[in-house]
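The values are calculated or read from the model by the stated rules, or taken from the named source; none is laboratory data. This is a predicted model, so every value here is computed, not measured. With ideal geometry, Cβ positions are generated from the backbone for all residues, glycine too; neighbour counts draw on all protein chains shown. Just the protein is used for accessible areas: all its heavy atoms, side chains included, with ligands, DNA and RNA removed. Shrake-Rupley method; radii C 1.70, N 1.55, O 1.52, S 1.80 Å.
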Amino acid sequence: MNMLKKLFEPVDMTEGKPWEKILLFTVPMLLGNIAQQLYNTVDSVVVGKYVGDNALAAVGSAGPILNLLIVLFVGISMGASIMVSQYFGARDREALSHTIGNCIMLTILASVVVMILGVAVTRPLLILLKTPESILDWCTSYLHILFIGVAGLAFYNILSGVLRGLGDSASALIYLVVASLLNILLDLLFVANFHMGVDGVALATAIAQTISALLCARRLGQMKNLFDMKVRFIRWNRKYAMNIIRLGLPSGVTQAIMSMSMIIVQSLTNSFGEQFIAANVIVMRVDGFAMLPNFSFGTAMTTYAGQNVGARYYDRVSRGARQGTALALGVSAVITGGILIFGKHLMGIFTNTPELVDLSMNMMRILAVGYIAMAILQSLSGVMRGAGDTMTPMWISILQMVLLRVPLAYGMCYLTRSPEFPNGRKECLFLSLVISWVGGTIVTCIFFARGKWKKKAL
């Protein structure tokens, strides 16, 4: 009972056993990330079951474009989380208040830009990617609805980043569970009852995200003992706004690069036809859950490193890095084993087509080995970001996705072309991803060991 109570309290990571504090912080965040992943998964399940495999392909094909255009939010969220955790660790109330206020101001500006840009470029981008005509209109309307309601997504991601920086990962969990349940109910109402198709799942997601954002704002308003939420703080302050951008920009660029590489590879994926597009969607949905522990531990390590760097406890940062990475490896190994054993049952949730289930499972087996490598990469990258070194993970991501993933995907498909496989073997798309993950992990370990990230604190 005492452990359960601890899970729902803000975590001060500058004291106590590092592994215990990291675990206490990670568990609610992992559960919250699972709830967030349910947004896209429920969308896919509902359209796959009630509308058909083409609708499932449409929802999945929209993902890379959505991810590309929300990079501004990723950057602001990461910059906010790093600054908040360091100022929280340093117990600097004034700087903390200015940082949170400037996060809100930047989010408002970014939401307006993304809404206008997203609606304008969606269809041309889908055409450029050779999206099949059979799903083009569905993809377009799905994205238009999400971009019109993008403020909910923006404010949830950024305000939850602020809460994590303050050591409160449990509140975001509660709000996401509420929003996820609402999303499921609205999905079934709009699609199964009102027959709105992909428009229905997009509208349900936009509404649920807005609710979670409002709940995060309410929680921050209750934390007056840590910072001040006054009008004078919610305005442009060059020092704090530029630091948020400076620290967050590399993460935004990283997300943009990853999204661009996915878009480029999506064009190759589309050449294999609607069934493989649908299989790719299923694999990526399951992959999303498999990667959640890695991303959760990575974010926890960012907050852990940020608080301890702010307090100038550098030896504690190194100990936490070792213990947190070991935890991430253990959890990732268990999750990977579960997917390999029960994977077919997971695939069957999305579609009633046996051939699609078998194809998806074959691709999933290829990816499995990469999850262990990504546990190390995400944890060590999280430590470097928390210390203020956001540039090194960005350059490693460029190497991983641009110099490895994309050339390997196209090169391997080209080299495996034959009369039976005129576009090459489909497995090459997933083999190239695993190779890029392992390569990125090796480079991350080298740069982490060099230790230059220790000199990047605010």
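A compact table of results
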read-out	value
Residue match in the range 69-77 (condition: of a type in the set (Val, Ile, Thr), within 24 Å of residue 298 (Cβ to Cβ), open to solvent by less than 40 Å² (accessible area, probe 1.4 Å) and outside any helix (DSSP H, G or I))	yes
Residue that is modelled with the lowest pLDDT [pool: residues in the range 4-30 that are under 16 Å from residue 324 (Cα atoms) and outside any helix (DSSP H, G or I)]	11
Residue in the range 230-237 that is more than 28 Å from residue 385 (Cβ to Cβ) and part of a helix (DSSP H, G or I) present	yes
Positions within the range 130-144 being of a type in the set (A, V, I, L, M, F, W, C) and either without any contact (Cβ under 8 Å) to a residue 60 or more places away in the chain or surrounded by fewer than 20 Cβ atoms within 10 Å (Cβ to Cβ) (or both), in sequence order	136
Criterion (within 25 Å of the chain's Cα centre (by Cα) and free of Cβ contacts under 8 Å to residues at least 24 places away in the same chain) met by exactly one of 246, 218, 238	218
Members of the range 408-455 found to be open to solvent by 60 Å² or more (accessible area, probe 1.4 Å) and in contact with a Ser or Thr (Cβ under 8 Å, 6 or more places away or on another chain), listed by number	423, 425, 447, 452
Test: residue in the range 334-344 that is open to solvent by less than 10 Å² (accessible area, probe 1.4 Å) and among the aliphatic types (A, V, I, L, M)	no
Selection status of residue 122, part of a loop (DSSP other than H, G, I, E, B) and over 19 Å from the mean Cα position of the chain (by Cα)	no
Helices (runs of 4 or more DSSP H) (entirely within the range 347-458) containing at least 1 residues that are of a type in the set (Lys, Arg) and under 23 Å from the mean Cα position of the chain (by Cα)	354-367, 370-386
Failed item, numbered, when residue 224 is tested on (1) within 17 Å of residue 160 (Cα to Cα); (2) open to solvent by 30 Å² or more (accessible area, probe 1.4 Å); (3) assigned to a helix (DSSP H, G or I)	(3)
